[in-house]
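Everything below concerns the one structure shown next.
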Amino acid sequence: MNLLSFFNRRTSAPVARERLQILLAHERGIVGGKPDLVAQLREEILAVVRRHVMVEQDNVQVKMNRDSDISTLEIEIEIPAPAAVSA
Amino acid sequence: MAKVLVVTSGKGGVGKTTSSAALGAALAHGGEKVVVIDFDVGLRNLDLVMGAERRVVFDLINVVQGDAKLNQALIRDKRLENLSLLPASQTRDKDALTEEGVERVLNELREKFDWIICDSPAGIERGATMAMRHADVAVVVTNPEVSSVRDSDRIIGLLDSKTEKAEKGERIEKHLLLTRYDPVRAERGEMLKVDDVLEILSIPLIGIIPESEEVLRASNVGSPVTLNNPASAPGRAYFDAVRRLKGETVELTIPTDRKGLFGKLFGRRAA
């Protein structure tokens, strides 16, 4: 064990506290005003996209990161080219 | 060929999730492709122990019910690229786990991974029976404590009767993982000894994980103990257990945390 890891070790409880606070704020709906807002946004955005184009589930990649200050929702949708649609 | 391994115990709080994460990470560290599945629907925690709680998008129930594809629900570990997590649902009911659905998901996972580790919930109800149902190998996590040993005995009975292998008349490979073991107290006669537990349960021992501060420290920061501190006593004990799981013969020792002067002075205040 080196000196750095020794000092890092001492910080584990505050890390636990912070992780729990962020997680529970999302689960309780404190962030965004409702439980898991990000998940709801994901569903609604996908529904809107599907209204306009046929998207295979395989061609959708969703990434989320719930944080204290900002959360990110990353949706990557492969939309087939018009030629491929008409063919 | 892929192996489905269930980590089970009957009793709660003995270290199933800690062990699932630690074994999974140790296997992945050795180059195996590993997925760890949380079967504790409604009370998921594997995501938290593995530090992926902020990144959960879809879960096992979504995949079982066809609402999401497997590769959309799998969360790849940020430290080990060949380690993935399939989280449980936090909001759904465990009855949503259908036997056919779970089997389909496991078959799909068998094609992508070398090891599929099913982290069972406590108890003997649906989540637990689904987690063990299709297993090839079982790791029974037991504390050297009377209620845990009794519950393990019950679980061993279920493994021998309610699993797919058992119903086909085949034998499911069972291993005992003794956790939170304190050799000093056992020596003093204050705790069941390894041999006591082995004699009562009579299944082969895969490892002894000593009681250690490192386990709490690892879960605090969301990192399996085998990644957070592989050189620690529990870290080494889990790595040894993994070698035995892979069929190696490893001499059975109980690793200890040797503290340096610094650790001796300040160790008790850490964590």
Looks like the range B:46-139, by Cα gyration tensor root eigenvalues a ≥ b ≥ c and the a/c under 1.5 rounded cutoff (else prolate when a/b is bigger than b/c, oblate otherwise), is rounded
Computed, not fitted: 222 nm per-residue ellipticity of chain B from DSSP H runs ≥ 4 (each -39500 (n - 2.57)), nearest 500, equal to -11000 deg cm²/dmol
Using alpha carbon centers only, the range B:76-116 is separated from the range B:130-147 by a whole-angstrom value of 18
Full extension between A:Leu20 and A:Gln61 adds, at 0.36 nm per residue less the Cα distance, a length in nm of 12.1 nm
Between the modelled labels at B:Arg104 and B:Glu199 (7 Å from Cα along Cα→Cβ) the distance in nm is 5.0
If A:His52, B:His29 are placed from fewest to most neighbouring beta carbons inside 10 Å, the sequence is A:His52, B:His29
Long-range amide H partners of B:Ser84, meaning residues 5 or more apart or on another chain whose placed amide H is closer than 5 Å, are B:Val34, B:Val35, B:Val36, B:Asp77
Cβ density ranking, 10 Å radius, fewest first, applied to A:Asp36, A:Asp67, B:Asp160 yields A:Asp67, B:Asp160, A:Asp36
Least to most buried among A:Lys63, B:Lys168, by other C-beta atoms within 10 Å and fewest first, runs B:Lys168, A:Lys63
Heads up, the protein assembly as shown by the C-alpha gyration tensor (a ≥ b ≥ c square roots of eigenvalues; a/c under 1.5 rounded, else a/b over b/c prolate, else oblate) looks oblate
Computed over the range B:57-183, the relative contact order (Cα-Cα under 8 Å, seq sep at least six) in percent reads 19
Residues meeting the amide H criterion for B:Glu173 (H placed from the backbone, H to H distance under 5 Å, 5 or more places apart or on another chain) are B:Ala138
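If you only keep lysine pairs separated by 8 or more in sequence, or across chains, how many in the range B:67-179 come under 21 Å at the Cα atoms?
Eligible lysine pairs with Cα atoms under 21 Å apart amount to 7.
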Inter-part gap, Cα centre of the range B:181-229 to Cα centre of the range A:26-75, in whole angstrom, is 41
Of all stretches in chain B that avoid GluC sites (Glu not before Pro) placed in a DSSP loop and having at most 12 other Cβ atoms within 10 Å, the longest is B:1-80
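Each value in this text was obtained by applying a stated rule to the coordinates, not by laboratory testing. Since we're looking at a predicted model, the values are computed, not measured. Cβ: placed from backbone, ideal geometry, glycine included. Neighbour counts: every protein chain shown.
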